[in-house]
Every structure is written in structure tokens, then in C-alpha cells.
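Trainee: Would you mind keeping the following structure in view while I ask a few things?
The values are calculated or read from the model by the stated rules, or taken from the named source; none is laboratory data. Please read all numbers here as calculations on a predicted model, not as lab measurements. FYI the Cβ positions are ideal-geometry reconstructions off the backbone, even for glycines, and counts take in every protein chain you see. Side chains are part of the model used for accessible areas, which takes the heavy atoms of the whole protein and leaves out ligands, DNA and RNA. Shrake-Rupley method; radii C 1.70, N 1.55, O 1.52, S 1.80 Å.
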Amino acid sequence: QVQLVESGGGLVQAGGSLRLSCAASGSMFSRWAMGWFRQAPGKERVFVSVITSDGMTSYADSVKDRFIISRDDAKNTVDLQMNNLEDEDTAVYYCAADTSGWRIAPFAREYEYWGQGTQVTVSS
């Protein structure tokens, strides 16, 4: 059974940085595309970023040039470096696995496995 566990969330001032990490179980990690989504209170879960099995990346316009996604297949981890954080970045952040591996998948329904989420709170 695949498990995804996020870490690294917390409280940060506007303009600061946080690094989220997601650790995955299983031997197929290197073949998956890994995504990050976020959900603010009262809002839908939305796409943040994705990295495919061969390293292609994509970002939501709202985080482009501020967030960087990366993966370490030897450690089965995917990270999200978040810089210049804004109030609007406050949300629960989820990592997810798309077992197709090759595609840029911006929709939550395209992901088979999800972590439990980690809270990011940005204060102004």
C-alpha cells in the first residue's frame, strides 16, 4: 500500500520561506509524477505544482517564480521550496502521486494517492 507523508509546514511571516517535503513508500516512486495541491478554508483543492517521472515541471500561475518543485528518486521524496510567501498561500498542502508518470496533471482527479496534508500559515 502506498503512503505519502508530508512534513515541513508551519507558521511563517509574509515574505519568508518554507520547504515542504513528501516521503513516499513503495518501489515505483521513480515512475510516478508527483504533485502538490493546496486547500484554503472554504475553498476547493487546487493545483500548485507537478514534477513528472523524467523531471518536467509545471506551476500554477499564482506560485510561478516563487515556488520550486524537486524530487529525489533515491530517497523517494518530493520537495516544494516556497519563497516570498504571501497571505494567499495559507492553506493545507497535499502531495499526491499520479502513477501514469509521464504527464503534466493539473487536476486532482488524475492522482491516485494522497498524503494527509500539512498546514502552512502565512502571517502579515
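Trainee: Which ones in the range 48-80 are in contact (Cβ under 8 Å) with a residue 40 or more places away in the chain and open to solvent by 40 Å² or more (accessible area, probe 1.4 Å)?
Mentor: Scanning the range 48-80 gives SER53, ASP54, MET56, ASP73, LYS75.
Trainee: Restricted to the range 2-31, and to residues that are part of a loop (DSSP other than H, G, I, E, B) and under 20 Å from GLU110 (Cβ atoms), which residue is most open to solvent (accessible area, probe 1.4 Å)?
Mentor: Among residues in the range 2-31 that are part of a loop (DSSP other than H, G, I, E, B) and under 20 Å from GLU110 (Cβ atoms), the one most open to solvent (accessible area, probe 1.4 Å) is GLN3.
Trainee: Among the residues of the range 87-101 satisfying the criterion of being open to solvent by 10 Å² or more (accessible area, probe 1.4 Å) and not hydroxyl-bearing (Ser, Thr, Tyr), which is nearest to SER17 (Cα to Cα)?
Mentor: If we take residues in the range 87-101 being open to solvent by 10 Å² or more (accessible area, probe 1.4 Å) and not hydroxyl-bearing (Ser, Thr, Tyr), then ASP87 is nearest to SER17 (Cα to Cα).
Trainee: In the range 32-47, what residues are surrounded by 15 or more Cβ atoms within 10 Å (Cβ to Cβ) and in a loop (DSSP other than H, G, I, E, B)?
Mentor: Passing the criteria: only TRP32.
Trainee: In the range 85-124, how many residues are under 20 Å from ARG71 (Cβ atoms) and either in contact with a Leu (Cβ under 9 Å, 6 or more places away or on another chain) or without any contact (Cβ under 8 Å) to a residue 12 or more places away in the chain (or both)?
Mentor: Number of matching residues: 11.
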